[in-house]
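Enquirer: Below is a structure I'd like to ask you about.
The values are calculated or read from the model by the stated rules, or taken from the named source; none is laboratory data. None of these values were measured; they are calculated from a predicted model. Because the Cβ atoms are built from the backbone with ideal geometry, glycine has one as well, and the counts that use them run over all protein chains shown.
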Amino acid sequence: MKQSEYVVIKAIEDGVNVIGLTRGADTRFHHSEKLDKGEVMVAQFTEHTSAIKIRGKANIITSFGEVESEAKEK
């Protein structure tokens, strides 16, 4: 079995959206979660998930390093 990449997402504010996007000819949303401040989600890239979109202020940790997403300006 092939090892899949994991991503750790920690919400820095309430209402962070984590959206899984499908693989294939047509990219579509296939899963969505909402995290509140302090909540942590461990996500995995799979044969069905090719991308993960994060909306809101969060820490994202991968094997490539760490990045912080920015909050949407109001």
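Enquirer: Quick check on the stretch 18-31: of everything there that is surrounded by 11 or more Cβ atoms within 10 Å (Cβ to Cβ) and either of a type in the set (K, R) or touching a Gly at 6+ places or on another chain (Cβ under 6 Å) (or both), which residue is modelled with the highest pLDDT?
Expert: H31
Enquirer: Sticking with this structure for a sec: Restricted to the stretch 32-74, and to residues that are of a type in the set (G, A, S) and assigned to a loop (DSSP other than H, G, I, E, B), which residue is surrounded by the most Cβ atoms within 10 Å (Cβ to Cβ)?
Expert: G56
Enquirer: Somewhere in the stretch 20-41, is a residue of a type in the set (A, V, I, L, M, F, W, C) and free of Cβ contacts under 8 Å to residues at least 24 places away in the same chain?
Expert: Checked against the condition, which is being of a type in the set (A, V, I, L, M, F, W, C) and free of Cβ contacts under 8 Å to residues at least 24 places away in the same chain, the stretch 20-41 yields at least one hit.
Enquirer: Evaluate the following for E13: is it at pLDDT 90 or above, within 13 Å of the chain's Cα centre (by Cα) and of a type in the set (D, E)?
Expert: No, not satisfied.
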